[in-house]
Amino acid sequence: MSQPPPASSAPQSTLVRTNTMKTNSTPQVAENEFKYPLPSETTYKHASKIAITEDRPIMMDYWTASCDKTAFIGVRASNKEKLLVKSAEEYTSPIAKILQVQNEYIILTENSIYIVSKDLPQKRIS
């Protein structure tokens, strides 16, 4: 059995080493691994300003679905309320505002900011 180190009166600190490597290059993604375009820099800037001033997170979880045209803006027939919809089980809180910046929409809901492709269709939902 090994013996514990001798006790000292000075406080001990623990150093944790992480395996990180500094590099000046950006990570390269193979062309076949990433098939989606990225939102424009202008869109990111506008969304960031809104996120900072309104204290809301920027959500990208509808981006790929909007590029694939599987997500849509659902309009409830009863009250004309709009929601960002992926499926019958996955949708956002009501949309408060839609801003168009270049080829994207910045969609503001009650709690979040979503960046989606502007090719998003609208459909009636119940």
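Just so you know, all these numbers are worked out from the coordinates, no wet-lab data involved. Since this is a predicted model, take the numbers as computed values, not measurements. Please note: Cβ atoms are built from the backbone with ideal geometry, for glycine as well, and neighbour counts cover all protein chains shown.
For segment 66-83, how many residues are within 16 Å of the chain's Cα centre (by Cα) and over 12 Å from PRO121 (Cβ atoms)?
Taking segment 66-83 first, the residues within 16 Å of the chain's Cα centre (by Cα) are 66-67, 71.
Cutting the leftovers down to over 12 Å from PRO121 (Cβ atoms) gives us 67.
Qualifying residue count for the region: 1.
From the list SER112, SER78, SER87, which residue is free of Cβ contacts under 8 Å to residues at least 60 places away in the same chain and crowded, with 16+ Cβ neighbours inside 10 Å?
Numbers: SER78 fails: crowded, with 16+ Cβ neighbours inside 10 Å; SER87 fails: crowded, with 16+ Cβ neighbours inside 10 Å.
Just a single option satisfies the conditions, and that option is SER112.
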* Asked: When you go through SER48, SER87 one by one, which is the residue that is of a type in the set (Gly, Ala, Ser) and in a loop (DSSP other than H, G, I, E, B)?
  -> SER87
* Asked: Which residues, taken from segment 52-84, are closer than 22 Å to LYS35 by Cα and not charged (D, E, K, R)?
  -> ILE58, MET59, MET60, TYR62, TRP63, THR64, ALA65, SER66, CYS67, THR70, ALA71, PHE72
* Looking only at segment 101-116, count how many residues are closer than 17 Å to THR42 by Cβ and not in a strand (DSSP E or B). => 2
* **Filtered residues of segment 90-100 (kept if buried (at least 16 other Cβ atoms within 10 Å of the Cβ) and in a strand (DSSP E or B))** => TYR91, ILE95, ILE98
